[in-house]
Amino acid sequence: MASAPVTPPPPLETTPAGARAARRGWWLIPLRTLGLALVVGFLAGGLAKMAPHWLDPLQQRPFPPHVVTADDRCPVCGMYPARFAKWRAQAVFHDQGYAAFDSAASLFRYLGRIERYTPARRREDVADLYLTDYDSGAWLPGETALVVLGSSLAGPMGDPGLPAFASQEAAERFAAARGGQVLPFSQVLAAPELQGRITAGR
């Protein structure tokens, strides 16, 4: 004798108890999704902030350059270095403080009489120097930067310009167009007579 067909039980959600359970738990799915999105967003935001430091080799240096803000003022002339994207310079101190300058001319004046401009500082407090790449606006370590001395281009406040470059090719290209002599910044830093040509008259 054939057995009667077995009718499967209705799905849980079609039963009165199942329907109530489904209604009670519907919010768990978007809540979990929202929680996961918040965690992912938090991690992504943190990585986005830290990535420039990981990717920028200058930030791996013992005394990396600082971000020059719109409120920073040159201790020599009182101007705002952030407004001079092609000329700004900075000195970083051993305590990780810094001073920003509108130009290399102001930087040299500062280094020559540092106690006058910041009485709490001394020349030996300076740990590193940075110039701005004239082409890209990026920071260049003083020991690797190349500068063009004696070009026809004036810097801020009418000082003789000292544009800095990351490569010999870029510096020579500028010198061919505007005149001047390509020199390592370290050579200018070690020669008071060369600095005098940049700071003369002020």
- prompt: To the nearest 0.05, how large is the calculated FRET efficiency for Ser136 and Gln187 if R₀ is 25 Å and r is the Cβ-Cβ distance?
  reply: 0.65
query: On full extension of the chain, what length is gained from Leu111 through Gln96, given 0.36 nm per residue of separation minus the C-alpha to C-alpha distance?
result: 3.7 nm
statement: Carbon/sulfur accessible area of the stretch 56-202, % of total, 1.4 Å probe, equals 51
task: About the Cα centre of the stretch 113-176, how large is the charge dipole given +1 on each Lys and Arg Cβ and -1 on each Asp and Glu Cβ? Please answer in debye to the nearest 20.
output: 340
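Let me have the relative contact order for the stretch 76-202, percent, based on Cα pairs under 8 Å that are six or more residues apart.
Relative contact order comes out at 23 percent.
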query: With a Cα-only, solvent-free Debye model of the stretch 53-107, what are the log10 I(q)/I(0) values at q = 0.15, 0.20, 0.22 Å⁻¹?
result: -0.42, -0.71, -0.82
field: Cα-based equivalent ellipsoid of the stretch 49-202: semi-axis lengths in Å, sorted from largest, via gyration tensor
entry: 22, 20, 14
statement: Ordering Tyr117, Tyr110 by the accessible surface of their heavy atoms, 1.4 Å probe, largest first, yields Tyr117, Tyr110
query: What is the stretch 123-191 by shape, rounded, prolate or oblate, if you read a ≥ b ≥ c off the alpha carbon gyration tensor as root eigenvalues and call it rounded for a/c under 1.5, prolate for a/b larger than b/c, and oblate otherwise?
result: prolate
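The values are calculated or read from the model by the stated rules, or taken from the named source; none is laboratory data. This structure is a prediction, so every number in the text was calculated from the model and none was measured. Here Cβ is always computed from backbone atoms with ideal geometry, including for glycine, and neighbour counts include all displayed protein chains. To get the accessible areas, we keep the full protein, side chains included, count just its heavy atoms, and leave off ligands, DNA and RNA. Shrake-Rupley method; radii C 1.70, N 1.55, O 1.52, S 1.80 Å.
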